1. Under a point-charge model restricted to the Cβ atoms of Lys and Arg (+1) and Asp and Glu (-1), what is the dipole moment magnitude of region 325-392 relative to its Cα centre, in debye to the nearest 20?
2. Would you kindly calculate the translational diffusion coefficient of region 8-159, applying Stokes-Einstein with the Kirkwood radius from alpha carbon pairs, for 4 °C and a viscosity of 1.567 mPa s, and quote it in µm² s⁻¹ without decimals?
3. How large is ³J(HN,Hα) for each residue in region 578-594, as worked out from phi by the Karplus curve 6.51 cos²θ - 1.76 cosθ + 1.60 (θ = phi - 60°), to whole Hz, x for Gly and Pro?
4. Starting from one equal scatterer on each C-alpha and no solvent at all, send me the Debye-based log10 I(q)/I(0) for region 377-421 at q = 0.18 Å⁻¹, two decimals.
5. Give, to the nearest whole percent, the P(r) tail of the chain beyond 49 angstrom, counting all Cα pairs.
6. Report, in debye and to the nearest 20, how large the dipole of region 535-588 comes out about its Cα centre when Lys and Arg carry +1 and Asp and Glu carry -1 on their Cβ.
7. Report, to two decimal places, the Cα Rg of region 473-566 normalised by 2.2 N^0.38 Å (N = number of residues).
8. Listed highest first by mean packing, meaning other Cβ atoms within 10 Å per residue, what order do 563-575, 97-109, 383-395 come in?
Amino acid sequence: MIRKYSYSPMINTGAVVKSIPSESAPLPYFTLDNGVFTYKMSPDARIYGLGEAVRGINKRGWIYESWCSDDPFHTEDKRSLYGAHNFLIVDGDDRFGVFIDYPTRLTFDVGYTDPDVLTITPEKLHLEVYIIEADTLRDIVREFRALIGKSYIPPVWGFGYGQSRWGYVNREDIAAVADKHEKAGIPIDMIYLDIDYMERFEDFTVNGERFPNFESFVKEMKQRNIHLIPIIDAAVKREEGYRVYDEGHEKGYFCKDENGEDFVVGVWPGMSCLPDFLSPEASRWFGMQYKALTDAGIDGFWNDMNEPALFYSEKALCGAFDQLREFEGKTLDALTYFSARDVFARLSNSNEDYSAFYHNAPEGRFCHKDVHNLYGYKMTESAMNALKELRTEPTLLFSRASYIGAHRSGGIWTGDNHSWWSHILQSLQQMTGLNMCGFLYSGSDIGGFNGSCTRDLLLRWLSFALFTPLMRNHCAIGNRSQEATAFGDTEAFRHIITLRYRLIPYLWGEFLRCVNEDDMYFRPLSFDYEDDRAAAGIDDQLMVGDRLMIAPIYKQNTSGRTVYIPEPMNLIRMSGGEITTERITKGRHYVDMPLGDVVFFSKGKLPLADPAMTVAELDFENLTEVGEEIKKNS
Ligand code: GLC
């Protein structure tokens, strides 16, 4: 059952697709005082959800903020990352889901200030609250997902393996990735193009010198069943003579400052303008620009920098130089020195800048800060609406920033993580929250984006990520190469990535089922074993689809781990490319997992395809089965 409580929303975010009348009775569970919603949690209540947020699967004990943020340090003290996912489930003496449809800053204090109290604090009381009740946790999610509409389905090849790197600068670099994977017998379906494919970082352009005959290159790669996936950044370079800028400027499609001039921000291309994705005309105009690339045969994109990220604004940059001049010639004490040093750092993603530009939405003019969390969502929607017109086949699309609603148009990746062991676990934990909010096609940068990856980290990360719908290895410029072919002996990488392909019939089938049934593809164990107290405390294992369970290694120099088995299962081991199965009983077990082995568990028989180098070559019909059906009480 879903009930809606309306508190004068200012804008229709589009997150919800079902129309539900507002209740006049008071909101259950919460008290509302001075604009703060307060709920008293029972001592053992667990709180699930909040999408991409950091920390464990159970969100209790920390404070989170919904504010789409370009933050490349995903440490556990962070309150916000790129997404704003305002849905959580309380599982305690009461059991319900709550969704706050609100486009700007919202704070969830989940037992941080007072361990037994959950407070939800919006900046202003202009929002809608949905309360969802059902018999099981999984059903609460199903009801919520039916409210927000069906999740995006990528093309089936989107379940293949992808290699990306900021720093592949030309056609030769890309071709070399394909060649090396082919030579090593490592399957691959996608190679990503980061900003260097563009001309001066201008969206919808291709640098002709570094990528001569782009269209024939795209075709050539496609003949090898490899899809090239270019990045599209939100901001458009301000440069007269650049068609996209000229058109957007003339037609008034960019966000404006308080004087009605285009608001100018510094991002990768330098001074740039922000398309106003809240204006239906501007949104359609931007979306149709993807045609420049779909005409060249491109069938997938990743949308970036759409929080929107602002390194600096033109105005704030001038102010920063003025401030610095004030320090010149003075003897600085330590604190003044730090303040001077940080003058430029403070410019990025500043509240002042987010308060200094405006959108033209159908409901009227909005200051950006009041609708901030919709920007990335509306960019994804702009792209997908147009791509559906431009192409007959499904298009691969995922984004960095998001709000609930964006899950209907594309997937997301979890942004600029690090080559840290802890980020394997973080990624695993993010998946459940994301799935609750409809983001099924998601994944993290395998191997880590920032920092330098090692062979063992990549092997362990792949052993987890082979189960994530989006499986992409990506890293930042300046770091050590981290392709599966970059660490000498490629055999172990080949076996792990091949296993992914062998599992695609199961993973893809379950993904489609979960979209159709509004189910979660990744679930905490407690969602499947509600009465099992031990399962409730597990936050480093996941259910995958209907019958798999994973318990990956996320610590360096460990060769096994304790796994909680909630019912008798098959233990499936891939070692050196060979697959073996054995029975494992309910309870806690220490399981050996040497580097290079992948161990996972199934409740019953598991279909496996024969190895293939690309999804196009995968035989979905002739499958072998491993494991056996197991009676629950055996
Ligand atoms: C952002 C993206 C990252 C990309 C980089 C350069 O940091 O999150 O994935 O590689 O920009 O485009």
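1. Result for region 325-392 is approximately 220 debye, rounded to the nearest 20.
2. Translational diffusion coefficient: 79 µm²/s.
3. 8, 10, 10, 9, 8, 7, 9, 8, 4, x, 8, 9, 8, 10, 5, 9, x
4. Normalising to I(0) and taking log10 leaves -0.54.
5. Tail of the P(r) past 49 Å holds 11 percent of the pairs.
6. For region 535-588, the charge dipole is close to 160 debye.
7. Ratio of Cα Rg to 2.2 N^0.38 Å: 1.36.
8. The densest-packed peptide leads the list: 97-109, 563-575, 383-395.
No lab work stands behind these numbers, since they all come straight from the coordinates. Since this is a predicted model, take the numbers as computed values, not measurements. Methodologically, a virtual Cβ is constructed for each residue, glycine included, from the backbone with ideal geometry; neighbour enumeration extends over all protein chains shown.
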